[in-house]
1. Using the Cα gyration tensor of the stretch 36-168, with a ≥ b ≥ c the square roots of its eigenvalues, what is the shape: rounded (a/c below 1.5), prolate (a/b larger than b/c) or oblate (neither)?
2. Calculate, for residue 152 and residue 70, the FRET efficiency according to 1/(1 + (r/R0)^6) with r their C-beta to C-beta distance and R0 30 Å; round to the nearest 0.05.
3. Which order do the peptides 32-45, 126-139 come out in when sorted by mean C-beta neighbours inside 10 angstrom, highest first?
4. Using a Förster radius of 30 Å, what is the FRET efficiency between residue 120 and residue 98 based on their Cβ-Cβ separation? Nearest 0.05, please.
């Protein structure tokens, strides 16, 4: 015996299911970008860095502001380090920066609202923080995909309490 199928009610039920799924998709899309991984309240004792790399050079993040833990070269190996096993070669660190605000060098103890965001779509690590009530700093690290052994650091410093809308006019 074949069960009775009501085509009109099945079609209506499909429309309702599609509408519910569409609304859930819109709601989920507004909550957080799936390409972004954010870290707030960073504890340096329990920190494992992420690597932003392009296949040739890699930058390993650090819990300290405007710093990277390591710069590694991929495809180059050191055979005589630990136990005569091939190890990825660490190179000189050319992306660490120091910043002074009113003559005081910044550190974890002098900043607030410290946050790191890994943008997996643009292959960048953006670190943002405030220095007292004076400036907001954004520090972006990228290993450039079109230039194999090249890294890019972008630093944006904005004074707090300033209106930047007049600059555009």
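1. Working: a/c = 2.31, a/b = 1.78, b/c = 1.29.
It is prolate, given that a/c is not under 1.5 and a/b is the larger ratio.
2. Numbers: r = 17 Å, r/R0 = 0.57.
It comes to 0.95.
3. On the way: 32-45: 10.9, 126-139: 17.1.
The most tightly packed comes first, giving 126-139, 32-45.
4. With R0 = 30 Å, the Cβ-Cβ based efficiency is 0.55.
Quick note: the coordinates plus some simple rules give every number you see, no bench work behind them. The structure displayed is predicted, hence computed values, not measured ones. Virtual Cβ from ideal backbone geometry, glycine too; neighbours counted across all protein chains shown.
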